[in-house]
Amino acid sequence: MRYFLRLAYNGKDYHGWQIQPNANSIQQELNKALSTLLRKEINVVGAGRTDTGVHAKEMFAHFDWEGEIETENLIYRLNRILPAGIAIYNLFQVQDDDHTRFSAVSRKYEYHLASFKDPFSLGTAYLFHRSLNVELMNAAAQLLIGRKDFECFSKTGTQVHTNICTITLAKWIKKNGRLVFTIEADRFLRNMVRAITGTLLKVGLEEWNEQDILNILESKNRSQAGESVPAHGLYLVEVKYPEHIEQNFERIIQ
């Protein structure tokens, strides 16, 4: 039987999602906790890989287990033994061929900017003092909407079958005293959101314009785009699935 976990985490103390030698990761902590409680080696598969320092308000992982699980009891016990920065929200059975990564239909990220020094933004938002033209940034963001080749925003040397992604949402809004960039797509390339954010900041500073964005896209060259912004301002906020999976939970935490 296959089970999905819906979870969230603060990434500041972790070297990303994926297990790696001599570094603590979210996947490692989940494997350890599940293996301890179920008394069998468990290896979870995640909906994606977040980098070192990146947070997730919503992430999914799946694992296989032969037999029924008392889900509420296991959620309670997992939250008791997992580190404080990782929380389990839901645990539910799915079809055996459902996959947290390959069954996902879209993912949504947010990037948070703080405009003033705030102790409560430490490690959760990028402190950016300079004035930004948000209207220009939003106009430039609209040029990203649609099915396009986004190689110019991908980390170099990444092995992928295609650089084509379909972006359905890209906008900047002011939210709870922060400037937040929200972007949603069917898939993302490695480092893509942070590179897009850094590029749009150049537009907000009025150093680049809409034509520059079009030229960058056409170039397919990472060196032509802006610098990647720091990881600690980035959040995975939503992973969407087909209805037969989504019906197992209700999104109440944003």
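Please treat every number below as a calculation from the coordinates, not as lab data. Every value quoted in this text rests on a predicted model; they were computed, and no experiment measured them. No Cβ is skipped: glycine too gets one built from the backbone with ideal geometry, and neighbour counts run over all protein chains shown.
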Based solely on its DSSP helices, what 222 nm [θ] is calculated for the chain when runs of n ≥ 4 H residues each add -39,500 (n - 2.57) and the sum is averaged over all residues, nearest 500 deg cm²/dmol?
-> -7000 deg cm²/dmol
Please order Ser228, Ser223, Ser115 by the number of other Cβ within 10 Å, starting at the fewest.
-> Ser223, Ser115, Ser228
When every alpha-carbon pair in the range 2-103 is counted, what percent end up more than 21 Å apart?
-> 26
Relative exposure of Asp149, Asp51, judged by other C-beta atoms within 10 Å (fewest first) = Asp149, Asp51
√(5λ) per eigenvalue of the Cα gyration tensor, the range 89-245, largest first, Å | 27, 21, 13
Neighbour-count ranking for Tyr235, Tyr241 (other C-beta within 10 angstrom, fewest to most) reads Tyr241, Tyr235
Glu68 versus Ala87, label points 7 Å from Cα toward the beta carbon: distance in nm?
-> 3.0
Once the Cα atoms of helix 210-219 and of the chain are each reduced to a long axis, what angle between those two axes, in degrees from 0 to 90 to the nearest 10, is obtained?
-> 60
